[in-house]
Structures are given as structure tokens and as C-alpha cells.
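Engineer: Can you read through this structure? Questions will come right after.
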Amino acid sequence: MTASHLLVPVPIPDRVAALIGSCIPPHILEAEFEAECAAREVRRFRGPRLGVEDQADREQALSELARANKFLSAHHPMLAVRPGSSW
């Protein structure tokens with residue numbers, strides 16, 4: 001029996017990643033890419049005091065993340081991307 005906290009993440013070779021990606025519809029891959037970019041933007045605008053422009057940019061990134069996650073979750077609920085997630 002293996003405990004999930006003892007598992008070590010193993011990098012996926014590029015050929016395997018390409019094979020997995022070829023099985024996923026292109027519109028889902030595009031939505032995943034958009035969600036990752038939006039999550040990166042949301043993480044960039046962290047801090048106790050943000051200016052008005054930074055708050056607006058963060059809200060824009062959050063809305064883009066929500067839109068992409070809605071699309072991804074319609075395909076499969078486990079595909080949603082969170083700003084703090086490692087992937």
C-alpha cells in the first residue's frame with residue numbers, strides 16, 4: 001500500500017507529453033494554456049496593497065481564469081486550474 005504523500009513527482013518525457021496532448025481536443029488544450037497564463041498573472045498581483053491599475057489587472061486575470069476554468073470543468077471537473085496550484 002502506498003501513501004499519496006510519499007509519492008515523488010516524476011517528470012514526463014516530451015514524447016509522452018506529446019502523445020497525451022494528441023489525445024486531448026485542441027480547444028481543451030487551448031483553454032488549459034489560457035488558464036495557466038491567467039493563473040500566472042493572478043499570482044503576479046499578490047500583495048497587501050495594490051494600486052488601482054494593479055487591482056484592475058488582477059480582476060481581469062481572475063475573470064479570464066474563471067472563463068477558462070468553466071470551459072475546462074465542462075470537459076472534466078479535475079482540469080480546473082487554481083492560482084496557487086503547482087501545475
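Engineer: What number results when the radius of gyration of the chain, computed over Cα atoms, is divided by 2.2 N^0.38 Å?
Structural biologist: Dividing the Cα radius of gyration by 2.2 N^0.38 Å gives 1.32.
Engineer: Distance in nm between label sites at A18 and V52, each 7 Å beyond Cα in the beta-carbon direction?
Structural biologist: 5.0 nm
Engineer: For the chain, what does -39500 (n - 2.57) per DSSP helix run (n ≥ 4), summed and divided by total residues, give at 222 nm, in deg cm²/dmol to the nearest 500?
Structural biologist: Calculated from helices alone, the mean residue ellipticity at 222 nm is -20500 deg cm²/dmol.
Engineer: Let me ask something additional. Considering Cα pairs under 8 angstrom that are at least six residues apart, work out the relative contact order of the chain and quote it in whole percent.
Structural biologist: Values: 59 pairs, mean separation 28.3, N = 87.
Once divided by the residue count of the chain, the mean separation gives 33 percent.
Engineer: Now, a different point. Place a +1 charge on the Cβ of each Lys and Arg in the chain and a -1 charge on the Cβ of each Asp and Glu, then give the dipole magnitude about the Cα centre in debye, rounded to the nearest 20.
Structural biologist: Using Cβ point charges on Lys, Arg, Asp and Glu, the chain gives about 300 debye.
Engineer: Right, next: Order 16-24, 53-61 from most to least packed using the mean count of other Cβ atoms within 10 Å.
Structural biologist: Order by mean packing, descending: 53-61, 16-24.
Engineer: What net charge is computed for the residues neighbouring A66, neighbours being all others with C-beta under 13 Å from the C-beta of A66, Lys and Arg scored +1, Asp and Glu -1?
Structural biologist: Local net charge: 0.
Since every read-out is calculated from the coordinates, none of them should be taken as a lab result. Since we're looking at a predicted model, the values are computed, not measured. Neighbour counts run over all protein chains shown; Cβ positions are idealised from the backbone, glycine included.
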